[in-house]
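The values are calculated or read from the model by the stated rules, or taken from the named source; none is laboratory data. Owing to the predicted nature of the structure, the values given are computational and were not obtained by experimental measurement. Positions of Cβ are backbone-derived with ideal geometry, glycine not excepted, and every protein chain shown enters the neighbour counts. Each accessible area value is taken on the protein alone, full model and side chains, heavy atoms only, with ligands, DNA and RNA left out. Shrake-Rupley method; radii C 1.70, N 1.55, O 1.52, S 1.80 Å.
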Amino acid sequence: MANRFTVILAAGKGTRMKSHLYKVLHPVCGKAMVDHVLTQVEQLHPAQIITVIATHAQAVQDLLGSRTKYVEQTEQLGTAHAVLQTEKLLSQHSGTTLIMSGDTPLFTAATLEKLFAYHEQQQAQATILTAKTQNPFGYGRIIRDDQGQVKKIVEQKDASAQEQLVQEINTGVYCFDNQKLFHYLHQVNNDNAQGEYYLPDVIELMQKDHDRVSAYLMDDFEESLGVNDRVALAQATKIMQARINRQHMQNGVSLIDPVHTFIDEGVQIGSDTVIESGVVIKSGTQIGHNCYIGAGSRLDAAVLEDNVHVMSSTIEKSVMRHDSNIGPNSHLRPQSDIGPEVHIGNFCEVKNATLGARTKMGHLSYVGDATLGSDINIGCGVVFVNYDGQRKWHTDVGDHAFIGSNANIVGPVKISDHSFVAAGSTVTGDVPQHAMAIARARQTNKDNYWSKLPLSDDPDWQ
């Protein structure tokens, strides 16, 4: 097998996106388009991967790092000009170069491998990756001769009425004999309305010199979708979403409503987990086996161990240990660690806190900047008062403690094992083991209170 190289074109401005973000950095299912492309290319193990970027495109390099080499296209003068920027790195090598765009996030490594293999089998100097579509409007058409060989690529604006009926289109992905590629790149001119140097012109030059040009027809047209505006971005996201969801279902995950379940690329989900409609699962999330994610939940870089139940709640950068549950309508903010068999009920919030095994936090409570032991009861309306306006304070609560309803725990305090905080208390000091903290005004009953009030002149007053 000949040496293989890949060039990813990622220098386009993407003006139709109407965005300050580089076009290739727009995400599809939680991953930048160019990262999708690079991830698939990496599976082919080419000898070199080179990404062509615009000047000052540091954000692209920051994202992709050392996974690829980079060259800059200082002026946007077309696709042939972009590829020519790789000359110093590639022109001396023999082998095959794959060229594709960084705004085509749906191509798979399997399709690209088939293209490489077909190109090598045909012993071609160039191979065009093509696809068939019922609606080819706007695409360059692949015109073949009577023997099925590629005769030419004709653009939509130049196609005759008969040529416009052709459904095989150019996807803009090519394999070239590497040294032939750079030989012809220097012959491409910019004699066109845009004054740019176009890569398909290399194909025309090769054919004039009777070099062998072939075309590989891919199976799935949807893979070839290029993203040039927000409409196409949404289309690519929908296709990728369906692909991701299908893979999870094939791996044993039940999606009640796949069309309305939104799972980012790279999310891990164990078998026998059930996910209801309207769930959003963002990148970095790991979900164990036999979990249940209720409708409307949102998981962002969350880690859920086995047998966790989440009902209509939000979990951000936090961990739920096995057999714990939360919701409905509760929120784990970052750096929360929920222990095994913990119960967090409705309308609760936890932030930067650890809850030990079997601790219960039923409803309408807030725990922030705290470490709680095991088997603790947190009553309704409990608030851990962790912020004094300038800094955050940490609170520790021991095992088997009981915190009554509507208590305020003003950090920093330590509530020891087997201690008790009476309902309605505002705790500002440590509570020793086995003690009860009562921090509230003593109740006073006023006898005959109403009879001592002055009567109103209003006859309707009772």
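Rounded to the nearest 500, what is the 222 nm mean residue ellipticity of the chain from helices alone, with -39500 (n - 2.57) per DSSP H run of 4+ residues and division by all residues?
Numbers: 8 runs with 79 residues, N = 462.
When only DSSP H runs of four or more count, the value is -5000 deg cm²/dmol.
In terms of modelled amide H atoms, which long-range or inter-chain residues lie less than 5 Å from the amide H of D417?
Answer set, sorted by chain and number: G398, D399.
Defining a contact as two alpha carbons under 8 Å apart and six or more residues distant in sequence, what relative contact order in percent does the chain show? Write out the running numbers ahead of the final one.
Working: 1138 pairs, mean separation 36.5, N = 462.
Here the relative contact order equals 8 percent.
Between Q250 and S451, what is the FRET efficiency for a Förster distance of 56 Å, r being their Cβ-Cβ separation, to the nearest 0.05?
Computed FRET efficiency for Q250 and S451: 0.15.
What's the percent breakdown of Cα-Cα distances in segment 184-275 across 10 Å bins, shortest bin first?
Bin by bin from 0 Å, the calculated values are 13, 26, 23, 16, 15, 7, 0.
Of all accessible surface on the chain at a 1.4 Å probe, what whole percent is carbon and sulfur? Don't jump to the answer; show the numbers that get you there.
Values: 10910 of 22710 Å².
The value for the chain is 48 percent carbon and sulfur by accessible area.
Return the long-range amide H neighbours of T354 (sequence gap of 5 or more, or a different chain), with a cut-off of under 5 Å between placed amide H atoms.
When sequence neighbours closer than 5 places are left aside, the close amide H contacts are D337, A370, T371, L372.
Which entry in [x] 31.9, 112; [y] 30.4, 101; [z] 20.3, 62 is this structure's computed Rg and Dmax of the Cα atoms in Å?
The listed entry that was calculated here is [x].
Around N307, under 11 Å between beta carbons, what's the net of Lys plus Arg minus Asp minus Glu among the other residues?
Details: positive: R321; negative: D272, E305, D306, D323, E341.
Summing Lys and Arg as +1 and Asp and Glu as -1 gives -4.
Pairs K23/K152; K132/K152; K13/K282: which are spaced more than 19 Å apart, C-alpha to C-alpha?
From the list (K23/K152; K132/K152; K13/K282), the Cα-Cα distance tops 19 Å for K23/K152; K13/K282.
Given R₀ = 60 Å, what would the calculated FRET efficiency be for Q92 paired with R391, taking r from the Cβ atoms and rounding to 0.05?
E(calc), rounded to 0.05, equals 0.50.
Each residue of segment 248-263 in order: what ³J(HN,Hα) in whole Hz does its phi give by Karplus 6.51 cos²θ - 1.76 cosθ + 1.60, θ = phi - 60°, with x for Gly and Pro?
Values, residue by residue: 5, 5, 5, 8, x, 9, 8, 10, 5, 9, x, 5, 10, 10, 10, 10 Hz.
Which part of segment 144-187 falls in the paramagnetic zone of A47, meaning amide N under 12 Å from the point 7 Å along Cα-to-beta-carbon?
Residues 178-179 fall inside that zone.
Mind giving me the FRET efficiency for V259 and A161? R0 is 35 Å, r the Cβ-Cβ distance, nearest 0.05 is fine. Don't skip to the answer; put the middle values down first.
Working: r = 39 Å, r/R0 = 1.11.
After rounding, the FRET efficiency stands at 0.35.
Under the rule of at least 5 residues apart or a separate chain, name every residue whose amide H is placed under 5 Å from the amide H of Q76.
Correct list: empty.
Which of the aspartates and glutamates could a cross-linker bridge to K238, judged by Cα under 20 Å and excluding same-chain residues fewer than eight apart?
Straight-line reach from K238, under 20 Å: D35, D103, D219, D220, E222, E223, D229, D257, D264, E265, E276, D300.
Please calculate how many Å² of accessible area the chain carries per residue, with a 1.4 Å probe and no DNA, RNA or ligand atoms counted. Before the final figure, lay out the partial values.
On the way: 22710 Å² over 462 residues.
I get 49 Å² per residue for the chain.
Can you say what percent of the DSSP beta bridges in the chain, counting only those with both residues inside, are antiparallel? Round to 5. Write down the numbers at each step before the final one.
Working: 19 of 101 bridges.
Around 20 percent of the beta bridges assigned by DSSP in the chain are antiparallel ones.
Along the Cα→Cβ direction, 7 angstrom out, place labels at N135 and H210. What is the inter-label distance in nm?
Roughly 4.4 nm, to one decimal.
Regarding segment 309-450, what's the average projected area of the Cα-atom convex hull, expressed in nm²?
9.9
Any idea what angle helix 109-122 forms with the longest principal axis of the chain, computed on alpha-carbon atoms, 0 to 90 degrees, nearest 10?
10
Applying the Karplus parametrisation 6.51 cos²θ - 1.76 cosθ + 1.60 with θ = phi - 60° to the phi angles of segment 178-190, what ³J(HN,Hα) value in whole Hz is obtained for each residue in order, glycine and proline being reported as x?
4, 6, 4, 4, 6, 4, 7, 4, 6, 9, 5, 10, 10
What is the helix-to-structure angle for 33-42, meaning the angle in degrees between its Cα long axis and the longest Cα principal axis of the chain, kept from 0 to 90 and rounded to the nearest 10?
70
Read phi for every residue in segment 382-392 and hand back ³J(HN,Hα) as whole Hz from Karplus 6.51 cos²θ - 1.76 cosθ + 1.60, θ = phi - 60°, with x for Gly and Pro.
6, 10, 8, 8, 9, 10, 9, x, 10, 8, 8
Antiparallel as a % of all DSSP beta bridges within segment 4-224, to the nearest 5?
Numbers: 18 of 40 bridges.
In segment 4-224, approximately 45 percent of DSSP beta bridges are antiparallel ones.
Any chance you could list P(r) for segment 4-224, counting all Cα-Cα pairs in 5 angstrom bins from zero, rounded to whole %?
Using 5 Å bins, I get a P(r) of 1, 7, 15, 19, 21, 18, 12, 5, 1, 0 for segment 4-224.
Subtracting the Cα-Cα distance from 0.36 nm times the residue separation, let me have the gained length for K13 to Q61 in nm, one decimal. Show your work: numbers first, answer last.
On the way: separation 48, 0.36 × 48 = 17.28 nm, distance 1.58 nm.
Computed gain between K13 and Q61 is 15.7 nm.
Hey, which lysines would be in cross-link range of K18, C-alpha to C-alpha under 20 Å, not counting anything within fewer than 8 residues on its own chain?
Of all the lysines, those that pass the test against K18 - Cα under 20 Å, at least 8 places apart if same chain - are K31.
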